[in-house]
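No lab work stands behind these numbers, since they all come straight from the coordinates. As the structure is a computational prediction, the values presented were derived from the model and not from experiment.
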Amino acid sequence: MSDRFFALGAISAALAVLLGSFGAHALKVRLAPEQLATFETGVRYHLVHALGLMAAAWAAGRYGAGPATWGGWLLLLGTVLFSGSLYLLALSGVRWLGLITPFGGVAFIVGWALLAMAALRGPPG
């Protein structure tokens, strides 16, 4: 599982950089400042949690399956829900998409808590 999380983290980081570049160059002239700020928030959380997936890969390799693995999946889910909803909100202006964002935030929080739990339990054996 650790290899998978590392690969997902690297792919996610590349996608975050791509989207950040797209926002800074192509969207800067097309979106209102508030929409661009929303998009940039999505990119910032996306990139941070891509690195979090890499941390989950390390934790799953060190501490085994269980909390570290669940934590990784929740960081990935949080990225889709949190950043994805902000991207769509910024690009479409559909306000109800903002209702999805907090679910991604909760997934982030629980994911990080599970990684902490894995570290506190220590390596198996």
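Quick look at the values:
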quantity: For the chain, alpha-carbon Rg and Dmax in angstrom; calculated: 15.6, 56
quantity: Choice from G42, G23, G71 showing the highest fluctuation, given a GNM over the chain with Cα pairs closer than 10 Å; calculated: G23
quantity: For segment 86-119 versus segment 1-59, the gap between their alpha-carbon centres in whole angstrom; calculated: 13 Å
quantity: For the chain: relative contact order, % (alpha-carbon pairs under 8 angstrom, 6 or more apart); calculated: 30 percent
quantity: Against the rule of thumb 2.2 N^0.38 Å, how large the Cα Rg of segment 44-101 comes out; calculated: 1.33
quantity: Of the DSSP H helices in the chain, those whose Cα atoms cover at least 27 Å axially and whose Kyte score averages -0.5 or more; calculated: 2-22, 33-63, 101-121
